[in-house]
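Asker: Sharing a structure here in structure tokens format.
Where a number appears in this text, it was derived from the coordinates with a stated rule and is not lab data. Bear in mind that the values here come from a model prediction, so they are computed numbers and not experimental data. Quick reminder, even Gly has a Cβ in these numbers, built from the backbone with ideal geometry, and neighbours come from all protein chains shown.
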Amino acid sequence: MTRVSNPLSKSMPKSMLKQKGASTPLLILFLGMAAIIATIAFKLYPPFFEHWQIESVVDSFEDEKGLDELTVNEISKRFNVRLVSNNVRSFNSRESTVITKEDGVLTIDVLYEVRVPMYRNIDAIVKFEKLLEKSY
């Protein structure tokens, strides 16, 4: 049986020929870090998605006509109905939303935070704010 030699082996140093790629501990470390990052992303995505829904509700009042004829209570009711239709469940609009009408300006101010349990006694706190000022 004849041995075929690699033509590159003559021009490469011996240390280069022994290298084969990432070691097993390095690969395990990389997979562990990727799993931690993916877990954090999966846990933090729902609050951000819900905030995007709340932002769309607030922004929907930007193009609405006839707001000058509505009271603050009626606007608040419309706001809550839109939250329900957008499937926003864990948001308490009574504590987190301030709706005012002063001097021809409608102001909807949404300010809240979400606490997400990450691991045992470690929580992530995410703060959100959305402000709409519309003159009518």
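Asker: At a 10 angstrom cut-off on C-beta neighbours, averaged per residue, how do the peptides 53-63, 112-122 rank from highest to lowest?
Answerer: Working: 53-63: 15.3, 112-122: 11.5.
Peptide ranking by packing, descending: 53-63, 112-122.
Asker: Can you tell me the 0 to 90 degree angle between the C-alpha axis of helix 24-60 and the longest principal axis of the chain, rounded to 10?
Answerer: 20
Asker: Go ahead and run the numbers for FRET between residue 92 and residue 34, Cβ-Cβ distance against an R0 of 41 Å, rounding to 0.05.
Answerer: About 0.70, to the nearest 0.05.
Asker: Now, a different point. Once you put a point 7 Å from the Cα of residue 18 and another 7 Å from the Cα of residue 105, both along the Cβ direction, what distance in nm separates them?
Answerer: Simple spin-label model gives 7.3 nm for this pair.
Asker: May I ask which of 43/130; 77/134; 43/65; 65/130 have a Cα-Cα span longer than 29 Å here?
Answerer: 43/65
Asker: Here's another thing I want to ask about it. Note the listed values (1) -0.25, -0.83, -0.94; (2) -0.36, -0.94, -1.04; (3) -0.49, -0.90, -0.96, then indicate which one is log10 I(q)/I(0) by the Debye sum over Cα atoms at q = 0.09, 0.16, 0.17 Å⁻¹ calculated from this particular structure.
Answerer: Answer by label: (3).
Asker: Which angle between 0 and 90 degrees, to the nearest 10, do you get for helix 72-85 versus the longest principal axis of the chain when only C-alpha atoms count?
Answerer: 30
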